[in-house]
Amino acid sequence: MEMRCTRGWGVPPRGRGGTEAASQGLGGSFSEEGMSDQGISAGGDEGGGVPRVPPTIEGTGRGPRRVKAIAGRPLALQCVARGHPPPTLSWYHEGLPVAESNGTWLEAGGSVLSLESLGTASGGLYSCVARGPAGEAVLQYSVEVQVPPQLLVAEGLGQVTALVGQTLELPCQASGAPVPTIQWLQNGRPAEELAGVRVASQGTTLHINRVELGHAGLFACQATNEAGTAGAEVELSVHELPSVVISGGENITAPFLQPVTLQCVGTGVPTPSLRWWKDGVALVASRGNLQIEKVDLKDDGVYTCAATNLAGESRRAVALKVLVPPNIEPGPLSKAVLENASVTLECLASGVPPPGKTPALHWKPPPAGPWPLNNEAGHCPSCLSNTHYIASLPVCQGPEPLHWCLKQICKASVWFASSQGCLGAGSGNQDLQVATYLGL
């Protein structure tokens, strides 16, 4: 049947519609409020004497029938009218005649209005008007098109990275009709149970005041309304800047030609990689351990350990000092002096650290020997400095006019605080010959 409706026809007041009658077979849910029907006309049919019956429509009541439908789904509105003669049916949407199209058509003689796919513009007031010679009847539907929620979390990013200590906001943009409610979950539990997490602006923003490692995980935003539920997820990865610790402290000493290991320990998320550097040159190391088999003077200097991960880089420097055992120069010397004369013995020592600073120089008297020596108390030599020795020697007495009376030994030792203890000692001998010239 063609819908032949004129635009100028006025839709009766809503008071003549109805609500509260459920009809799931028509693609929606309905509610009906009663509306009174028109009475039967007392006049007869022209030429036949059959009384005219004003049109009536099933389900009319006191107001429009309410229908809730889901956007994108079909909907059928039914209008079952009776009367004599049979009334003609016309459909209106918001006061305008409904025209058949690809997505809108009439069935069963106009008693069913079918909408193939609802959009947001499909909502509103639909009216079915039944007209006959004895009057007319109106059935109205109030159609609410509900739109399931749609979400956009973290601007569509599937993964977000944050550093420990940072402030983080995750947005959740939700749309739908009616307006959906929003809930945030983290690894399946309410996100607000986590320390430092709060949900603001009716759920549209998740705020973390200070990101911690425990915040890492899968965050889900769920939006719910009468049309359904939608969810979107974002993976939060928490990174921590690396930190570096060097075993043994920032100053390390090692004996000359001995093995030494510089150990660097790095922590962070993700686990950092470790590299050693010296004078801008990368060194070969194993898991943060830099091994030197025989430390040499060229190995002396500042070493840097760098720990690097996706969050950044941290560096720590250590100074390596190579300790060299002392050496006394020149070698053994012999001097001849007259009896009762003064003599200066010189002791020149080298080493790392240099003798006279950390190490000490010691003069030792000659060991007991077979030669005669009158070394009475009060005649022992006195040390005036670490490197020079002034001796006031006694007269040597013996059967021969020439005697080897005194032998001085100079020793240098280096000590330092480490598990190795004494680095070593060097020594040098100086023979002193005391001559007695008889008859002078």
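The values are calculated or read from the model by the stated rules, or taken from the named source; none is laboratory data. Everything numeric here is computed off the predicted structure, so don't read it as measured data. We place every Cβ from the backbone using ideal geometry, glycine too, and count neighbours over all the protein chains shown. Note: areas computed on protein heavy atoms with side chains; ligands, DNA, RNA excluded. Shrake-Rupley method; radii C 1.70, N 1.55, O 1.52, S 1.80 Å.
A few points about this structure:
- Using the Cβ of LYS68 as centre and a radius below 10 Å, the other residues enclosed give a net charge of -1, where K and R count +1 and D and E count -1.
- Of all accessible heavy-atom area on segment 206-262, the percent that carbon and sulfur account for (1.4 Å): 48
- Segment 113-184, accessible surface, carbon-and-sulfur percent (1.4 angstrom probe): 49
- Two-site label geometry, ASP296 and THR267: point separation in nm, points 7 Å out along Cα→Cβ: 3.8
- Charge context of GLY301, other residues only, Cβ under 13 angstrom, K/R +1, D/E -1: -1
- The length gained by stretching the chain between VAL160 and GLU233 to full extension, at 0.36 nm per residue less their Cα-Cα distance, is 25.2 nm.
- Å² of accessible area per residue within segment 147-278, as computed with a 1.4 Å probe and no ligands counted: 52
- For ASP279 and SER247, the FRET efficiency from 1/(1 + (r/R0)^6), where r spans their Cβ atoms and R0 equals 22 Å, is about 0.50.
- Take every pair of alpha-carbon atoms less than 8 Å apart whose residues are at least six positions apart; their mean separation over the length of segment 68-168 yields a relative contact order of 33 percent.
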